[in-house]
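Just below is one structure, and these are the notes that go with it.
Every number here is computed from the coordinates shown, using simple stated rules; none is lab data. These numbers come from a predicted model, not from an experiment. Virtual Cβ from ideal backbone geometry, glycine too; neighbours counted across all protein chains shown.
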Amino acid sequence: MPPVIMRVEIDPYVTLRESLQEAGLQVRRPRTDLLTFSSANDAGGPAWRKSFWLSRVAGRWYLSTWMPFYYRVPDGQDLLELSLACVTSGATPAGRMPSALVRRFNLQEIDELQHERLDPPVGPKD
């Protein structure tokens, strides 16, 4: 009988979450397909003003703001470096990413309809 080979998929969110937390960021995973992150120094004020989203859809990473604005993150980008840059650059979580960050990380802005086609909205969690 041939050996049974089991393929174990590692949840990319777990690894990313651990890396972000080790770097001192506050990280939440409100859904299985979404991480929110913010600077640990951002005490007080509404959380939505201080945080960004990362999601993985169809094998690609996306960065989002709360307005929302969506950015496709090119393959090979350092997500930890990108996340740290978001919280230390003065980027406004409710608006567009600063053009310097978009250029530095080669982020590709996509519109909400494009994002929803990739990741249809889901209802609230119970």
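Some points to look at:
- Annotation: amide H-H contacts under 5 Å for W66 (H modelled 1.01 Å from N, sequence separation of 5 or more, or interchain): A94, G95.
- Ranked S55, S39, S89, criterion: other C-beta atoms within 10 Å, fewest first: S89, S39, S55
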